[in-house]
Each structure stands twice: as C-alpha cells, then as structure tokens.
1. Return the only residue of A:Gly15, A:Gly51 being over 17 Å from A:Asp126 (Cα atoms) and open to solvent by less than 40 Å² (accessible area, probe 1.4 Å).
2. How many of the residues making up region B:393-403 are surrounded by fewer than 18 Cβ atoms within 10 Å (Cβ to Cβ) and touching a His at 6+ places or on another chain (Cβ under 9 Å)?
3. Do we have any residue at all in region B:372-386 that's within 10 Å of the ligand (Cβ to nearest atom), touching a His at 6+ places or on another chain (Cβ under 9 Å) and not in a helix (DSSP H, G or I)?
4. Condition check: crowded, with 21+ Cβ neighbours inside 10 Å, more than 17 Å from B:Val262 (Cα to Cα) and more than 16 Å from the ligand (Cβ to nearest atom). Does B:Arg356 satisfy that?
5. Exactly one condition in (1) closer than 20 Å to B:Val333 by Cα; (2) more than 13 Å from the ligand (Cβ to nearest atom) is not met by B:Gly277; state its number.
6. Yes or no: B:Val235 within 25 Å of the chain's Cα centre (by Cα), within 20 Å of B:Gly303 (Cβ to Cβ) and of a type in the set (Val, Ile, Thr)?
7. Tell me which residues, restricted to region B:296-331, are surrounded by fewer than 18 Cβ atoms within 10 Å (Cβ to Cβ) and within 9 Å of the ligand (Cβ to nearest atom).
8. Among the residues of region A:318-343, what is the count of those that are crowded, with 24+ Cβ neighbours inside 10 Å and not acidic (Asp, Glu)?
Amino acid sequence: MLTANSLRRVAIIGGCRIPFARANTAYAEASNQDMLTAALQGLVDRHKLHGERLGEVVAGAVLKHSRDFNLTRESVLSTTLDHATPAYDVQQACGTGLEAALLVANKIALGQIEVGIAGGVDTTSDAPIAINERLRKVLMKANRGKTTGQKLAALAAIRPRMLMKPELPRNSEPRTKLSMGEHCELMAKRWNIARAAQDELACASHRNLAATYARGFFTDLMVPFRGLTRDNNLRPDLSMEKLAALKPAFDKHGGTLTAGNSTPLTDGAAVVLLATEDWARAHNLPILAYLRAGETAAVDFVNGDEGLLMAPAYAVPRLLEKLGIMLQDFDFYEIHEAFAAQVLCTLAAWEDAGYARDRLKLDTPPGPIDRTKLNVAGSSLGTGHPFAATGGRILATLAKLLAEKGKGRGLISICAAGGQGVVAVVER
Amino acid sequence: MMARDRYLAFANSPFGKKLTGAIGLPQPTPLERFAPGRPDLLGPVIVGAAQGGRLAAPLAELLAAAPVATLFHGEYAGWTDIAAQHRLMTGRFDAKSSGTVGSAVFDATGIADPDDLAAIYRFFHDTIRSIARNGRILVLGTPPEDAPNLAGRIAQRALEGIVRSLGKEAQHNIAAQLLYVAPGAEGAANSSLRFFLSPRSAYVSGQVVRIGKPVAQDTDGYDSHAPHAGRTVLVTGAARGIGAAIAEVFARDGAKVICLDVPQSTADLLALAQRIGGERLTLDITAPEAPKTIVEDAMARGGYDVVVHNAGITRDKTIANMTPDAWNIVMNVNLVSALRITEALLDADALKPNGRVVCVSSIAGNAGNLGQTNYAASKAGVIGMVQGFAPVLAARGATINAVAPGFIETQMTNAIPLTIREAGRRMNAMAQGGQPVDVAETISWFADPASVGLNGNVVRVCGQSLIGA
Ligand SMILES: NC(=O)c1ccc[n+]([C@@H]2O[C@H](COP(=O)([O-])OP(=O)(O)OC[C@H]3O[C@@H](n4cnc5c(N)ncnc54)[C@H](O)[C@@H]3O)[C@@H](O)[C@H]2O)c1
C-alpha cells in the first residue's frame with residue numbers, strides 16, 4: 001500500500017460549500033448533482049484547478065436516487081477539472097463527509113495520491129421516493145416475463161392501493177423504528193439534559209454563526225447558489241423567549257427536544273481540498289491547517305443499552321490516547337449539533353466517572369471542556385444539517401479558524417445514524 | 001398632494017392584473033425605491049469584463065463594503081482573485097443554478113476594437129434573463145474621446161447602442177446605464193457605481209454618464225449612509241413637488257436644508273422646514289435683489305455646500321399665440337435667475353470647497369415640445385449653462401450637473417389634459433411616471449461629496465422615455 005517512504009502530512013488547502021437551505025425552500029428544485037457540482041466548481045474556481053487531474057474526488061449522499069449511482073464522478077464531469085480525475089461515492093450517514101476526508105487523507109499520507117477532494121451533499125427536497133414494495137415486486141415479475149402474455153398476466157396483479165402508497169424515505173432507524181429525534185430524546189432523559197441548556201446551545205449557535213457571517217469569515221468558503229448567499233435557517237435574532245415558546249417535537253409529554261434545538265431537514269453540499277505540502281507549494285496555494293488523525297466508532301444502541309448518538313463519546317478518548325493528548329489540549333471544539341441534546345449528552349458523558357469506568361474503560365473521565373471554545377463559528381443548529389455535507393462544512397471552518405489563529409489544535413466530532421460516530425483532529 | 005397614477009394602482013389590483021393581462025394592456029408594477037433600513041445595493045451582482053478592464057478594483061471595493069455577493073460570468077474567471085483580495089463572496093454564474101440576481105455589471109473599459117464587442121453580447125446573452133424585477137444593468141466604458149485609437153473610439157461609442165437597447169428589452173422595471181470612466185478617474189467612480197446599483201436610481205434608465213478627472217480629493221470621514229452630514233444645501237422652489245422631495249432627501253441624508261420659495265407659498269414652506277429641521281428663505285428668485293439676498297444668507301452660514309436650482313414654471317402656448325410676458329417669465333424663472341444666482345455666489349466665494357451646483361432641466365429641453373418654445377428654450381439653456389460652467393467650477397474644485405426629468409407625478413404634470421398626461425406617463429420603458437423622490441435621489445447623487453468626477457453631465461430621470469431620446 002505504502003508508496004511513500006514515510007507518512008506525509010495532509011494539508012487542508014481550502015473548502016467550498018453552497019449556503020445551506022431548509023428543505024423545500026430555495027433548493028426545492030435542485031438535485032444532489034446540481035449542488036455537489038456547484039460546490040466542486042466553486043472549489044476549482046477559487047484554487048484555479050481548471051484542467052488539473054487530481055488523485056481522486058470522494059463524496060456521497062445519504063439520500064440518493066438510484067440514477068445517482070455514480071453521483072460524484074458525474075459531478076466531476078460537470079466541472080472544469082480534468083475529466084481524467086477519478087471519483088467514487090461513499091456513505092456513512094451523517095459521518096459521510098468527514099469519513100470521505102479521512103479516506104482521501106489516508107491515501108495522501110500513504111503516497112497513493114498527491115491531492116484530492118472530499119465532501120458530501122444531501123437533499124431532502126429531491127429525495128428518492130420508492131414505489132410501494134408490493135407494486136415493485138409485481139413490476140419486477142412482469143419484467144421477467146418472456147412473452148407479452150406473461151407480462152400482462154403479471155401486471156394484472158396491480159391494485160390501486162399500491163399506487164396510492166409510495167414509500168417515502170424516513171429519518172428513522174430500521175431496527176428500532178424510532179426516529180433519530182426520539183432516540184435523542186431518550187438520551188436527553190438518560191443524561192438529565194434540561195430544556196433550557198439545550199435552548200441556550202441553540203441560541204449560541206445562531207448568534208455565533210451570525211457574527212461569523214458579519215465579519216466576512218465565510219466569504220472564501222462559500223459560493224452563492226440559487227439566490228442564497230447565506231444559510232436560510234439562520235435566525236440572527238433568535239432569543240431564549242422564542243425558543244421557550246416551542247412545543248416538544250418528539251415526545252409531546254415531558255420531552256425537551258424542539259424544532260428550535262434540533263436541526264431541521266436541510267439541503268446543501270460541501271467539499272474540501274486536501275493535498276501534500278509539496279503539492280500545495282508547487283501550486284502556490286497557502287495551507288490552512290493539517291488533518292492530523294481520525295477515528296470512527298460505533299455503539300450497540302439496539303441491545304447494548306447505549307444511546308444512538310453516543311459513538312463520538314467513545315471515538316474521541318480512543319483517538320486522544322493514540323495521540324497522547326488530553327481532551328483539554330484543544331483550542332477549538334467542533335461538535336456537530338444534530339441536536340443540542342446530543343452535544344450536551346456527549347459533554348456530560350465525558351465528565352462522568354462511572355461512565356468512563358464502565359463504558360469507556362478509562363480510569364479517569366476525559367473531563368470538562370472550556371465551553372467558550374465550543375462551536376465558536378456556529379454549527380448545525382444555525383446552518384442546518386444536510387447530512388453528508390456537514391463534515392465538509394466543519395472541516396473547512398475549523399481549518400480556517402486555525403489559520404486565523406496562526407497555531408493551535410481543533411477537535412471534530414460527528415454523530416451518525418446506526419450508532420456511529422466519526423471524529424478527527426486538525427492542527428496548525 | 002401628490003398626483004396619483006390610477007392606472008398603475010388598477011393594473012396591480014387582483015382584477016386589474018387579470019384584465020390588463022387578458023387584453024394586452026401594459027402591466028406596469030410600482031418601482032422599488034430606496035428607504036432607510038432597506039439594502040443599499042441590489043445584489044447579488046453578476047460581473048463580467050473584457051480583457052484589460054480598469055474598474056474591477058473599485059467595483060469590488062464597493063461590493064465588499066455593502067457587502068453584496070457576486071457571481072462571475074464564465075469568461076471572467078480572473079474575478080476570483082479580485083474577490084478574494086476584497087474578501088468578497090463569489091461563485092461562477094450558471095443560468096440554471098445561480099437563481100436570480102439584483103444586478104449585472106460588465107466592465108467594457110478594456111474593449112479596444114469593434115470585434116471585442118462580442119464579449120458584451122455573450123455576457124448579456126447569458127445573464128439577462130437572470131436579472132430580477134427592479135434589477136440593474138450597468139456597463140462601464142472608456143469615454144470614446146479618451147480611447148487611444150480609432151478602433152477603440154468606435155467600439156466604445158457602440159456601447160451606447162447596446163445599453164439603450166438593453167434598457168428597452170429588459171423590462172420588469174430593470175434599469176440600464178452606461179458609465180464612461182476616463183483613465184485616471186477610476187477612484188472617482190464609487191458614488192456612481194453605488195447609485196446605479198441601488199434602488200435610489202429607480203426611474204433613471206438608458207443614461208450615459210461621464211466620470212472625468214476628479215475636481216477635488218475625496219473627503220475624509222465620509223459616510224455613504226449620511227453623505228450630506230454637516231453640509232448646507234440651498235433648494236429653490238422647495239415648497240412643493242420635486243423641490244420638497246429634494247429638501248427631504250438631503251435632510252434624510254444629513255444636510256441642513258435652506259428651503260427657498262415665493263411668499264405665496266409661505267405656509268407650505270414653513271411646514272416643510274419644520275418637518276425636516278431646515279430653514280426658510282422666502283423670496284422670488286426673479287426679483288432684482290434676489291442674488292444679493294441669497295449671497296448674504298450663504299455668507300451668514302459660512303457658505304453653501306450645495307445649490308439646487310429647482311424652481312421652474314410653464315406658460316404653454318404655441319409661439320404665434322404666446323405673449324411676451326409668457327416668454328419672459330419662463331426664461332427668467334427657469335434660466336436667467338439660476339444663472340445670476342450662480343454667478344453671484346461664485347463672485348462672493350459663497351460656494352464651499354468641493355461644492356456642488358445642480359440644475360433641473362427637462363426632457364423638453366432635449367426634445368422640444370408643442371406649445372413649449374419658451375420652456376424648452378429655458379431648459380435647453382440650462383444644459384448650456386451646465387456645460388459652460390463646468391470648467392469654471394472645476395477650477396474651483398466644485399462641479400455643476402443637471403437632471404432632466406421626464407414625466408414626474410406632481411401638480412405641474414397633473415395640470416396636463418388627461419389623454420396627453422396618460423401618454424406621457426406610459427411612453428417609457430417603465431410604463432409609468434416617476435415620483436419626485438426619483439429626481440431628488442439623482443440630485444443627491446450628483447451632490448454627493450464623493451461625486452468628484454461628475455461635472456457637466458445631464459442625466460435624465462425619465463424611465464427611458466421615448467421622447468427626445
Ligand atoms: N413635474 C415634471 O414632470 C417635471 C418634468 C420636467 C422638469 N420639471 C422641472 O422640475 C422643477 C420642479 O417642478 P415641479 O413639478 O415640482 O413644479 P411645481 O410647480 O410643483 O413646483 C415648483 C415650485 O417652484 C416655485 N417657484 C416658481 N417660481 C418661483 C420663483 N420665481 N421664485 C421662487 N420659487 C418659485 C413654486 O412656488 C413651486 O413651489 C421645475 O424646474 C420643472 O420645470 C418637472
């Protein structure tokens with residue numbers, strides 16, 4: 001595998017995303033391919049990669065039409081990159097974007113490629129709607145029929161009900177049939193996360209995001225798309241009073257998760273450019289930061305009495321141990337806000353001695369973090385969360401924060417469906 | 001009281017919309033105008049340029065200050081570097097995925113040959129359908145007389161035809177202008193770029209503006225949101241109509257306004273001055289001692305920064321039927337008194353450094369009009385006055401320019417017989433009359449302390465009227 005004599009540092013050169021849009025708003029008519037292409041072309045334009053043959057482009061989408069089987073490659077073919085640039089799709093639920101970056105980074109580190117793009121895209125406005133399962137079986141049978149008679153006989157089995165009941169993609173766990181919000185509600189109860197604490201985190205996310213827009217931070221990390229120049233989920237004037245007025249969304253009686261402290265369904269795309277230091281130098285492109293290491297964990301939320309979105313709580317201590325650093329040795333913490341409660345449960349778990357001993361198998365808990373370093377540029381509660389695009393958004397944001405600071409270290413933590421979590425460390 | 005455009009209101013009622021659409025009548029929609037608190041610039045902005053353009057930096061500077069996001073036409077990939085330097089958001093324009101935009105700007109200053117004009121064709125061919133209602137088209141050129149050779153001169157002159165046609169084609173209240181920026185005057189373009197990309201220029205379309213060598217250094221501590229802060233402005237004929245709107249706009253943008261009008265209008269003048277925190281100056285500008293009185297007022301205030309010659313009257317008759325009085329009074333009010341007052345102020349050094357004189361002409365001054373030999377003579381004379389005075393004022397670090405309103409909804413136009421009035425209102429690219437504020441905003445732009453490169457211009461505020469164009 002190893003084509004280089006030693007491991008090479010992986011530089012983050014830049015990122016590009018389109019503004020994120022709440023489902024069925026500005027991007028209602030846009031496809032995954034439209035959005036991914038726009039983000040890719042923006043990255044290519046900014047870094048003058050026209051006609052460049054890159055090592056690879058890796059991206060994915062959680063909700064995908066079957067015609068998009070080669071989504072990333074098709075998107076590359078719509079850009080001004082050299083069309084001899086290979087591409088492939090990956091999918092690891094909300095971890096897709098960051099996992100894609102780890103895949104590209106590993107190949108760069110090992111010497112297999114010099115430069116690559118990683119990212120993701122999602123739309124819930126243009127989601128694939130599958131036909132009714134019984135109707136699908138009938139159609140497949142008709143398709144297998146050798147004679148017209150056989151085909152017609154098979155089709156005669158179609159009933160109007162089958163046409164009226166298409167299968168919509170659902171944001172729920174196949175094994176528990178619970179939605180992600182319902183799962184997170186259970187976690188909030190297990191960790192006693194107060195409603196007010198969740199609302200405060202949501203408020204801070206919008207406030208930080210608005211301030212970060214106001215200082216022009218995102219101008220070179222985004223391209224306008226379909227009339228948007230900033231995320232349309234952002235509410236700069238959001239207040240605790242407004243959030244307090246919202247009703248529980250997943251548990252009508254005694255629930256604490258609301259539409260305000262949970263991410264809405266969102267459309268968007270984000271990509272990042274990764275390369276060796278030599279490649280960056282040869283192309284006269286400044287380096288924002290380095291992708292140091294990544295870790296992916298999974299938990300048994302079906303039989304194992306663990307919360308669906310708790311995998312990052314395991315992944316982070318494992319990675320810290322490998323790197324020989326403490327949870328407190330960071331200047332920035334980027335914890336993806338699928339739900340405010342997810343972030344707060346993770347932080348609570350890291351402070352809990354019993355949990356550390358019994359679950360994480362640690363003598364001492366990772367401990368508390370300095371909350372003023374958490375999601376300082378806003379996160380998913382403000383931007384919205386197009387599943388596979390979130391990793392690219394966070395990675396580029398963190399890299400630029402570190403570049404601004406000049407020196408430092410940042411942690412990324414992203415929870416994903418199926419009880420998974422992808423985390424990474426970025427340094428400069 | 002402002003005259004109302006009943007057809008405009010009807011055509012925008014639910015029933016009226018249906019009916020006018022069904023029978024093919026014009027369907028004008030009210031122009032979107034500036035109001036404090038609303039965005040200053042109409043974004044996002046699609047940018048394009050021919051090789052060798054000179055205005056990328058001033059444009060990027062303006063858009064970054066707003067801030068407004070930009071999209072670049074595929075042939076203008078160099079914009080990404082300029083945008084990055086100015087911390088300006090940008091992305092490649094794509095007709096399918098970019099959505100609608102507020103404005104499209106093409107920097108044609110580098111066009112050196114008629115063959116190169118195809119670049120501007122391609123730019124607008126690709127982008128025009130993406131410009132939103134009430135949007136803006138702006139083409140930036142090099143004054144033909146400043147082009148280095150014959151081919152350049154011809155190509156630059158051709159821009160006028162393109163822009164005037166775009167103004168007529170774009171529809172939906174989209175305004176189109178051509179800004180000729182002389183080499184070396186790029187730094188003086190800011191206030192004009194801002195005006196023509198903003199809702200303030202709502203009723204100005206199909207105009208050609210020249211920005212030349214700056215007459216003064218741009219003033220320090222200047223705030224584009226209150227450009228007239230701390231300045232003293234004289235407005236003649238301020239009691240009503242366009243004059244009252246001028247006074248209001250200057251006051252809104254920070255000025256102390258001296259509202260001048262005849263004794264008969266004292267009540268209106270008093271109310272206006274109170275409303276805007278201004279002063280009154282009650283006199284007839286044709287009176288022999290008027291220039292002297294005005295100079296005294298100016299000196300008592302340490303001089304005027306801006307003088308707006310707005311007072312004007314009509315006494316319409318065909319020349320055969322016109323009395324000598326009707327000839328004389330129109331010439332005196334509209335032209336001669338403005339000339340005398342300007343001369344007196346200059347003689348007394350009562351116009352402050354970086355001062356501004358703005359005159360009000362009329363499209364009748366270009367086009368002439370049946371029954372208006374006197375009026376058209378006076379308004380054409382105003383154009384002569386502006387052009388003649390321009391070098392004199394430049395030598396003092398000041399400027400003089402004129403607006404030429406088309407059909408503006410005021411008591412003056414309300415006095416026109418209905419059928420003629422209706423024709424005047426609709427015969428322009430916006431299919432409606434302008435409001436006094438449209439003229440006022442244009443005057444305020446000429447008077448802006450940053451408009452140091454505008455001198456000797458006549459800009460029509462006429463919705464690109466067919467008359468006299
Ligand atoms: N309304 C239009 O469509 C239109 C079109 C083209 C040009 N204009 C020009 O715009 C200017 C303002 O027009 P308006 O429509 O507001 O007219 P208006 O008649 O409503 O107002 C003109 C004002 O000037 C004042 N005035 C007249 N003679 C004066 C004098 N001798 N001394 C001092 N003040 C005097 C009047 O009292 C009045 O308040 C005029 O110069 C007019 O020619 C108007």
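1. The match here is A:Gly15.
2. 0
3. No, region B:372-386 has no match at all.
4. Criteria met by B:Arg356.
5. So B:Gly277 meets the others, but not (1).
6. Yes.
7. Within region B:296-331, B:Ile313, B:Ile329 qualify.
8. The number of residues fulfilling the criteria is 8.
The values are calculated or read from the model by the stated rules, or taken from the named source; none is laboratory data. Here the structure is a predicted model, which is why all the values come from computation and not from measurement. Don't worry about glycine lacking a Cβ; one is built from the backbone with ideal geometry, like all the others, and counts go over all protein chains shown. Ligands, DNA and RNA are excluded from the accessible area calculation, which covers all protein heavy atoms including side chains. Shrake-Rupley method; radii C 1.70, N 1.55, O 1.52, S 1.80 Å.
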